[in-house]
Number of protein chains: 2
Amino acid sequence: MGLRVFGSVSLEYISSGVFTFVLFIGSTRTSTIPSISIAGASPEATLYTPALDAEYLVLGRPLTFNIIPVTPDGIPTPALLSRAALSLTGLPVLIVDTGSFIKPKVPYVSLPSSTVGEVISSGRALPEGTSARLYSEARLLGSMLGGHLDFIIGESIPGGTTTAMAIMEALGFNARGRVSSSSPYNPHSIKGRVVDEGLRSAGITKPEDDVFKVNDSVGDPLHISIAGFISGALERGSKIILAGGTQMCSVLAILRKLKVDTRGNLIVATTRWILEDKTADMQGLLSEISKKTPLVAANIDFKDSPYTGLRKYEEGYVKEGVGAGGLIVFSLIKGHSMDTVKNTIYREYERLASYGVNI
Amino acid sequence: MGLRVFGSVSLEYISSGVFTFVLFIGSTRTSTIPSISIAGASPEATLYTPALDAEYLVLGRPLTFNIIPVTPDGIPTPALLSRAALSLTGLPVLIVDTGSFIKPKVPYVSLPSSTVGEVISSGRALPEGTSARLYSEARLLGSMLGGHLDFIIGESIPGGTTTAMAIMEALGFNARGRVSSSSPYNPHSIKGRVVDEGLRSAGITKPEDDVFKVNDSVGDPLHISIAGFISGALERGSKIILAGGTQMCSVLAILRKLKVDTRGNLIVATTRWILEDKTADMQGLLSEISKKTPLVAANIDFKDSPYTGLRKYEEGYVKEGVGAGGLIVFSLIKGHSMDTVKNTIYREYERLASYGVNI
């Protein structure tokens, strides 16, 4: 059905879940370092992407500005794929703000300690104690909602692969050169420099086992919150589809250090473009951090897309984000054909042309 | 099974739902008018009750202050009953803030236009345009979450029967002397005076069909938001259990004026104490506003309670709130016996004695 499956996972087990899509949004000023992120039309614009993603995902149009998040070349946000997939499955959607630079003008859950992350090269990404509080608040949310409900968890945080790399490196995993990027020109050397400077500034010696210290120093508000949410929801018996690329491995790294058992109730779901990203190593990273976590990828391609903006995915642009891969995987498992999924995406792209995205 | 059912309702239809409990919280300064509300230890304390209710419901203890909301006599919040019932069914819980005077220190959904309501005798309960925005924002939330999920909707807003009366009266329904109270000494004359003054100050002539104008003038942030949420969720095909007493009739009055069809997918669920309240007229009010809406009441009594604070329910104190009636009804429909429900409440009361509630 267009899936690539690694590890032991029952599609029936997933299909029988009562899933809600939970989109975590957050900002780190790391995304404003030139060349780090193309998840926005300019380095400054990346700060607006999470709120605009949330608004567009829910409403089909952004509210804060009349702008769909695009790369500097005008390729639209992966939320386009997510929105198309959601229209097929009709999943409930909840937005959780962990520290978005601007707040979306749609209803969202606010974590009391939500805050924008600083540039991680400072070694002071978050005010001391914030990470532990975010984890605990998100954990409570996961436990409030968990049990009868299951969750597909997506993210929107430009700069997220860089902060994820820092988290994983600090915790003692080998993430150097292995995280992906929304650009085909993965800026590994800049990412490495920023991460190294952050670790040095914070005085962290690898491996540092205190995840909260690591995250306060070189992390961001989002990944620690997702880890907390998962911990609370798993404890209630929920199933989790962690929908994202290499950066979601930092969530698993945090959970592993905190000894949260995810076995049997969590899978990672992403896109073919992440798997095939020659500038990254999704499978290697996942296998190092959480060997037994199954990985499912939507075997989607846009080779036959009538739109340049989507054909660019085949050149390594965008690839994943806003839960796109996991939501497409879920649509396929629910019986929608790959043709239906792709045509729904193409129709949504066509609709978006009116916003000036790159056709 | 301990239920009193009025109207045509299939318990199997309810039992097959995938319910989440959504607690709407909000404040109106109307609750600070002396003698209007005993949903707090003092008129000023009523402003803190919604946030403390939310914290206690979710955590089993309040966070903002180490105080459980009580009446001036020390009888605890009905959230005690809600929490006990939730512990039996394990339902997911979501808090929605429509304008709580203080914000709960647990995760909640914030409506962008949330605001504390003013004293309604001013005729300016909310800034102009707020009601339409709250309705629309809550409607979006209902539509984001609705479809696969169903909802039990509860409220915490001291002074809510007074604002509800004003809304219903302004819309042309006869609510005078028919709304209930958390006190056995229902202050109808004070309520009537406050409502009349509000209508006069706002220059409203009954019936006024513009629900948003009515609510901006003499309403509150909560009931209009619940109406919006229901409208969005019903459109997606959700089932709704409106869990509360006479004030929930104001939600139905708003929906009726906005021509939202609730038939077949909405029931009201409450407690025996509301049905038997001689100072109010739940059935008459519901029948006038929404004749075909089924009403289900938990036939619960605390006559054999070992605790004074609960035996006071039999004298007409508290009666309902924080979704207590609907959550007990749901527990009974899910197969828990009345004895189990009552014993769970008694155990929770015992646990709370450590907070100095009235034993």
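The values are calculated or read from the model by the stated rules, or taken from the named source; none is laboratory data. This one's a predicted model, so the numbers in the text were calculated from it and none came from an experiment. FYI the Cβ positions are ideal-geometry reconstructions off the backbone, even for glycines, and counts take in every protein chain you see. All accessible areas refer to the heavy atoms of the entire protein, side chains included, with ligands and DNA or RNA removed. Shrake-Rupley method; radii C 1.70, N 1.55, O 1.52, S 1.80 Å.
Confirm whether A:GLU12 is more than 27 Å from A:LEU234 (Cα to Cα) and acidic (Asp, Glu). Spelling it out, it is not the case that A:GLU12 is more than 27 Å from A:LEU234 (Cα to Cα) and acidic (Asp, Glu).
Of the candidates A:SER201, A:SER156, A:SER183, the single residue that is more than 14 Å from every other protein chain (Cβ to nearest Cβ), touching a Phe, Trp or Tyr at 6+ places or on another chain (Cβ under 8 Å) and closer than 25 Å to A:SER114 by Cα is A:SER156.
Scanning segment B:100-121 for residues that are under 20 Å from A:PHE24 (Cβ atoms) and β-branched (Val, Ile, Thr) yields B:VAL106, B:VAL109. Read through the list (1) in a helix (DSSP H, G or I); (2) on the phi > 0 side of the Ramachandran plot, then give the number of the only condition that B:GLY177 fails. Failing condition for B:GLY177: (1).
Each residue in segment B:253-276 was checked for being among the hydrophobic types (A, V, I, L, M, F, W, C), touching a strand residue (DSSP E or B) at 6+ places or on another chain (Cβ under 9 Å) and open to solvent by 20 Å² or more (accessible area, probe 1.4 Å), and 1 pass.
Each residue in segment A:103-118 was checked for being surrounded by fewer than 21 Cβ atoms within 10 Å (Cβ to Cβ), in contact with a Lys or Arg (Cβ under 7 Å, 6 or more places away or on another chain) and more than 8 Å from chain B (Cβ to nearest Cβ), and 2 of them qualify. All conditions but one from (1) surrounded by fewer than 24 Cβ atoms within 10 Å (Cβ to Cβ); (2) at positive phi apply to B:GLY159; the one that does not is (1).
Can you find a residue that is at negative phi, outside any helix (DSSP H, G or I) and touching a Lys or Arg at 6+ places or on another chain (Cβ under 8 Å) anywhere in segment A:130-149? Within segment A:130-149 (the criterion being at negative phi, outside any helix (DSSP H, G or I) and touching a Lys or Arg at 6+ places or on another chain (Cβ under 8 Å)), the answer is yes, since at least one residue qualifies. Among the residues of segment A:83-94, those that are within 14 Å of chain B (Cβ to nearest Cβ), out of contact with any strand residue (DSSP E or B) (no Cβ under 7 Å at 6 or more places or on another chain) and either aliphatic (A, V, I, L, M) or closer than 23 Å to A:SER181 by Cβ (or both) comprise A:ARG83, A:LEU88. The set of residues in segment A:120-136 that are within 14 Å of another protein chain (Cβ to nearest Cβ), closer than 16 Å to A:VAL260 by Cα and surrounded by fewer than 24 Cβ atoms within 10 Å (Cβ to Cβ) contains only A:SER136. The residues on offer are B:SER100, B:SER27, and the sole one that is open to solvent by less than 10 Å² (accessible area, probe 1.4 Å), on the phi < 0 side of the Ramachandran plot and away from chain A (no Cβ under 14 Å) is B:SER27. Considering segment A:323-359 alone, what residues qualify as being part of a helix (DSSP H, G or I) and on the phi > 0 side of the Ramachandran plot? None; the set is empty. Of all the residues in segment A:1-24, those that are surrounded by fewer than 21 Cβ atoms within 10 Å (Cβ to Cβ) and away from chain B (no Cβ under 14 Å) number 13.
B:GLY228 satisfies every condition listed in (1) crowded, with 24+ Cβ neighbours inside 10 Å; (2) away from every other protein chain (no Cβ under 14 Å) except (2).
Which ones in segment A:277-322 are open to solvent by 30 Å² or more (accessible area, probe 1.4 Å), part of a loop (DSSP other than H, G, I, E, B), within 25 Å of A:SER10 (Cα to Cα) and touching a residue at least 24 places away in the same chain (Cβ under 8 Å)? Residues satisfying the conditions are A:ASP281, A:LYS292, A:ASN299, A:ASP301.
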